[in-house]
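Peer 1: One structure, pasted below without further comment.
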Amino acid sequence: MKPFTFMLVAVSLDGKISPKRRPGQPNPVGPVYINEEIMDLHNSQRAGVDGIMVGLNCILMDDSRLTLREGEGRNPTRVVLDGLAEMPPTARILGSEAPTVVAVTRDAPPRRVRALEERGARIIVSGKGRFVDLPPLMDELNRAHGIKKLMVEGGGTVHRSMIAQDLYDELHLIICPFVIGGSGSITPAGRASFWPKGRIPFYSLAQNRQIGDYIYLVYKPKE
Ligand SMILES: NC(=O)c1ccc[n+]([C@@H]2O[C@H](COP(=O)([O-])OP(=O)(O)OC[C@H]3O[C@@H](n4cnc5c(N)ncnc54)[C@H](OP(=O)(O)O)[C@@H]3O)[C@@H](O)[C@H]2O)c1
């Protein structure tokens, strides 16, 4: 059985989650510009889940640790989708603050997988090729790693995969009061569009909350 799973994404008024940028350059749709009240809310969402999942590009671009702020309780398990085990073994997410699961496919080179294991990563093998097979991974996160509630923080490619396979119980969006522009910027469900070939996923609004100039929205999939 899969964990209860939700997406959490901060979006600019023009629907972007990050501009095109170089690795290490800060994402304006993040703590640099987002106010403290919203960052507190983000931290409390992290504190309320057993696991946080991201895609490889989040690690390559931001080198995030995905932990709670210093001294604020038990850190959730971190999960990285990294089909071919390309994450550098020096990535900060492999630090000892919390367990880290790296989900790879059976095409991941064993030498690179071993290097991650040596840094303490727990490996789950699911599927083949670059993209991890998500439904069996989700079952395994619950069964073997005790993840009953999972928050997926990004990026756009991962959200698209999750949405395409109906794996979200809820979508949480934080609408931020600024515009970043850029046709090359990343959107919450990047890559191929759901139109015109596939069916377009629809959602019902379950909650909306204004926090200063920000809006926190929760949507649930329509039956
Ligand atoms: N505003 C926000 O709330 C927010 C939150 C988080 C992240 N972000 C931003 O989002 C950006 C990263 O997004 P992104 O779309 O470039 O990449 P991403 O979603 O972080 O990572 C996608 C990569 O993960 C790997 N992957 C393995 N299995 C996968 C699967 N089943 N489905 C999807 N991906 C899978 C693939 O790596 P390979 O193809 O290389 O093997 C894929 O290209 C960063 O700039 C980050 O700052 C914004």
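Peer 1: Residue 34 fails exactly one of the following numbered conditions: (1) part of a loop (DSSP other than H, G, I, E, B); (2) under 15 Å from residue 121 (Cβ atoms). What is the number of that condition?
Peer 2: Result: residue 34 fails condition (2) only.
Peer 1: In this structure, does residue 126 turn out to be among the polar types (S, T, N, Q) and surrounded by fewer than 18 Cβ atoms within 10 Å (Cβ to Cβ)?
Peer 2: Criteria not met by residue 126.
Peer 1: Also: In this structure, does residue 15 turn out to be at positive phi, surrounded by fewer than 17 Cβ atoms within 10 Å (Cβ to Cβ) and either more than 9 Å from the ligand (Cβ to nearest atom) or in contact (Cβ under 8 Å) with a residue 40 or more places away in the chain (or both)?
Peer 2: yes
Peer 1: Looking at this structure, is residue 143 of a type in the set (D, E, K, R) and either in contact with a helix residue (DSSP H, G or I) (Cβ under 8 Å, 6 or more places away or on another chain) or under 15 Å from residue 54 (Cα atoms) (or both)?
Peer 2: In short, no.
Peer 1: Within the stretch 43-60, can one find any residue that is open to solvent by 50 Å² or more (accessible area, probe 1.4 Å) and among the acidic types (Asp, Glu)?
Peer 2: Checked against the condition, which is being open to solvent by 50 Å² or more (accessible area, probe 1.4 Å) and among the acidic types (Asp, Glu), the stretch 43-60 yields no hits at all.
Peer 1: Going through the stretch 172-223 one residue at a time, which ones are among the basic types (Lys, Arg), loosely packed, with under 12 Cβ neighbours inside 10 Å and assigned to a loop (DSSP other than H, G, I, E, B)?
Peer 2: 197, 199, 222
Peer 1: Another question, then. Surrounded by 14 or more Cβ atoms within 10 Å (Cβ to Cβ) and modelled with pLDDT under 95 - does that describe any residue in the stretch 105-121?
Peer 2: The answer is no; no qualifying residue exists.
Peer 1: Could you please find all residues in the stretch 63-76 being on the phi > 0 side of the Ramachandran plot and more than 16 Å from the ligand (Cβ to nearest atom)?
Peer 2: 71, 73
The values are calculated or read from the model by the stated rules, or taken from the named source; none is laboratory data. All values reported here derive from a predicted model rather than from experimental measurement. Using ideal geometry, Cβ is built from the backbone for each residue, glycine included, and neighbour counts are taken over all protein chains shown. Accessible surface is based on the protein model in full, side chains and every heavy atom, while ligands, DNA and RNA are left aside. Shrake-Rupley method; radii C 1.70, N 1.55, O 1.52, S 1.80 Å.
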